[in-house]
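Undergrad: Sharing a structure, written as structure tokens. Questions coming.
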Ligand code: NAD
């Protein structure tokens, strides 16, 4: 049985308390690894190691050397691509067709992108007039924030973790990662890569465990942590925000969503169907940017629903390494039960089930996995639970609309504000509608198309702060001004 240990000061350490927990393959329900849980003692040691590293060789490393090291990390991931791919697919159940194109390559690229960016981002400078006429020169510098806690979800484990670790290290911070208890494998592999490339001790640390009363809570409440960057549920974000209030420690949050998709009759319907099938069902609906509310202009409503149903019914569940598989399982039995609970709720609320609505019955070892059917509903009230709450499953409600103002109001009628997709070939309408939707990203005629230089984050309950490009540096650095009287 594979053991996944904590990684502190460049050493893999067994749990001091002896506590371990099982890492399951959600496609089968079988145990694939035993994970060592970090208690308070290990979190203390990880924080102490990360603090020491700030003033060690890492703190004095010339930036060119630091950036070269980050490039070597990316190369190190790519050199072990197949191992990372298998670990990610076994932990999440996601098909390799997805993880080989998105999770692993993007996970590696996050180190190079931010290394290159740091070198090229200027700071500001101002000349100030003074009464004596000599003036003063102001210039600003960016300094690392310090020790950063990185608390991660399970849906894109490597990608979302390195999306934070990349810029944090590029800016000269040290990190302690708390991977999701569901998906610790690729973070542990990354720790091996850190040692392979010669990362100084204490710069990258990993503590495994759960949230409340475990590694997550111990880490986010730790006074030696200078900032917490978190991706996960809005409710968890609220708990972490409270923990960070003590000590006034800063936070960066990427939280939940309940994203709308809007399809106008003047769209290219082939594109809209193809894009919506991805935005609803990719990663079995476990994508924060995914679409769970579809609004379709009435004149094309029936045709849209018929074609979406046909596409959903073609999705093929199966093993991660089967080239024909294009939909995986949900992450856990608990999450499956939650999603199936919403399927029941939709029915009792009076939904018309267009397709799906239950679990997949698969054979052999896959029978023990957490499979649910791609599901489409129509006919629900705008206040129904499945229209308002984030489900994080392969499902959407589809509703007709009659005019633009109505659909903009519907799209914005949510406590979330992460993403939206708009489908129209009318350029003026595209700009007009995109500008009025309250979401961190609005896609027009696309979905999940990401330029990593752009700001990424959520409005309202979907997040605090922006990541991506120079925006990541707002959180990972402290900007200071130096004023020189001439
Ligand atoms: P989660 O909030 O349950 O867990 C995320 C992490 O927080 C895990 O590592 C968990 O152990 C830890 N945690 C839980 N309680 C904690 C506590 N009290 N203190 C400290 N740590 C704690 O989220 P999840 O189920 O892993 O991920 C799914 C959620 O993440 C969805 O809501 C999804 O929308 C959101 N998400 C958002 C984005 C985004 O960019 N906005 C991206 C991916 C996922």
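The values are calculated or read from the model by the stated rules, or taken from the named source; none is laboratory data. As the structure is a prediction and not an experimental result, all values here were calculated from the model. Note that we place each Cβ from the backbone using ideal geometry, even for glycine, and neighbour counts take in every protein chain shown.
Undergrad: How many of the residues making up region 230-267 are assigned to a strand (DSSP E or B) and within 11 Å of the ligand (Cβ to nearest atom)?
TA: 6
Undergrad: Turning to a different aspect of this structure: Is region 453-465 home to any residue that is surrounded by fewer than 16 Cβ atoms within 10 Å (Cβ to Cβ), away from the ligand (no atom under 13 Å from the Cβ), in a loop (DSSP other than H, G, I, E, B) and at pLDDT 95 or above?
TA: Yes - at least one qualifying residue is present in region 453-465.
Undergrad: Here is a follow-up. Tell me which of these residue 338 doesn't satisfy, since it passes every other one: (1) within 13 Å of the ligand (Cβ to nearest atom); (2) buried (at least 16 other Cβ atoms within 10 Å of the Cβ).
TA: Going through (1) within 13 Å of the ligand (Cβ to nearest atom); (2) buried (at least 16 other Cβ atoms within 10 Å of the Cβ) one by one, residue 338 breaks only (2).
Undergrad: I want to confirm something. Restricting to region 472-486 and keeping residues that are surrounded by 18 or more Cβ atoms within 10 Å (Cβ to Cβ) and outside any strand (DSSP E or B), which single residue is farthest from the ligand (Cβ to nearest atom)?
TA: By that ranking, first place goes to 473.
Undergrad: Quick check on this structure: which one of 282, 243, 215, 265 is assigned by TED's automatic domain parsing to the domain that holds residue 36, surrounded by fewer than 24 Cβ atoms within 10 Å (Cβ to Cβ) and in contact (Cβ under 8 Å) with a residue 12 or more places away in the chain?
TA: After ruling out the rest, the residue left standing is 243.
Undergrad: Right, another one. Taking the criterion of being crowded, with 23+ Cβ neighbours inside 10 Å and away from the ligand (no atom under 16 Å from the Cβ), would at least one residue in region 348-360 satisfy it?
TA: Checking region 348-360: not a single residue is crowded, with 23+ Cβ neighbours inside 10 Å and away from the ligand (no atom under 16 Å from the Cβ).
Undergrad: For region 9-23, give me each residue that is free of Cβ contacts under 8 Å to residues at least 24 places away in the same chain and under 24 Å from the mean Cα position of the chain (by Cα).
TA: Scanning region 9-23 gives a single hit, 22.
Undergrad: Do we have residue 94 as surrounded by 13 or more Cβ atoms within 10 Å (Cβ to Cβ) and under 17 Å from residue 467 (Cβ atoms) here?
TA: no
Undergrad: Keeping to region 24-46, report how many residues are part of a strand (DSSP E or B) and either under 19 Å from residue 189 (Cβ atoms) or free of Cβ contacts under 8 Å to residues at least 60 places away in the same chain (or both).
TA: Looking only at that region, the number is 8.
Undergrad: Return a yes/no flag: does region 48-67 have any residue that is over 22 Å from the mean Cα position of the chain (by Cα) and either under 30 Å from residue 327 (Cβ atoms) or not assigned by TED's automatic domain parsing to the domain that holds residue 220 (or both).
TA: No - not one qualifying residue is present in region 48-67.
Undergrad: When residues of region 176-189 are filtered for being crowded, with 24+ Cβ neighbours inside 10 Å and not in a helix (DSSP H, G or I), how many remain?
TA: 7
Undergrad: If a residue counts only when it is within 14 Å of the ligand (Cβ to nearest atom) and under 23 Å from residue 232 (Cα atoms), which strands (runs of 3 or more DSSP E) contained entirely in region 84-171 have at least 1 such residues?
TA: 147-151
Undergrad: If you don't mind, there's one more thing I want to ask. What number goes with the only condition from (1) more than 25 Å from the chain's Cα centre (by Cα); (2) near the ligand (Cβ under 10 Å from one of its atoms) that residue 306 does not pass?
TA: Failing condition for residue 306: (2).
Undergrad: Among the listed residues 65, 83, 124, identify the single one that is over 21 Å from residue 206 (Cα atoms) and out of contact with any strand residue (DSSP E or B) (no Cβ under 8 Å at 6 or more places or on another chain).
TA: 65
Undergrad: Please work out which one of (1) under 28 Å from residue 320 (Cβ atoms); (2) touching a residue at least 60 places away in the same chain (Cβ under 8 Å); (3) in a loop (DSSP other than H, G, I, E, B) is the condition residue 357 fails and give its number.
TA: (2)
Undergrad: Could you please give the count of residues in region 192-222 that are in a loop (DSSP other than H, G, I, E, B) and either over 30 Å from residue 68 (Cα atoms) or more than 10 Å from the ligand (Cβ to nearest atom) (or both)?
TA: Matching residues across region 192-222 total 15.
Undergrad: Let me spell it out: the conditions are (1) under 22 Å from the mean Cα position of the chain (by Cα); (2) over 18 Å from residue 255 (Cα atoms); (3) in contact (Cβ under 8 Å) with a residue 24 or more places away in the chain, and residue 433 meets all of them except one. Which number is the exception?
TA: Checking residue 433 against (1) under 22 Å from the mean Cα position of the chain (by Cα); (2) over 18 Å from residue 255 (Cα atoms); (3) in contact (Cβ under 8 Å) with a residue 24 or more places away in the chain, the one that fails is (1).
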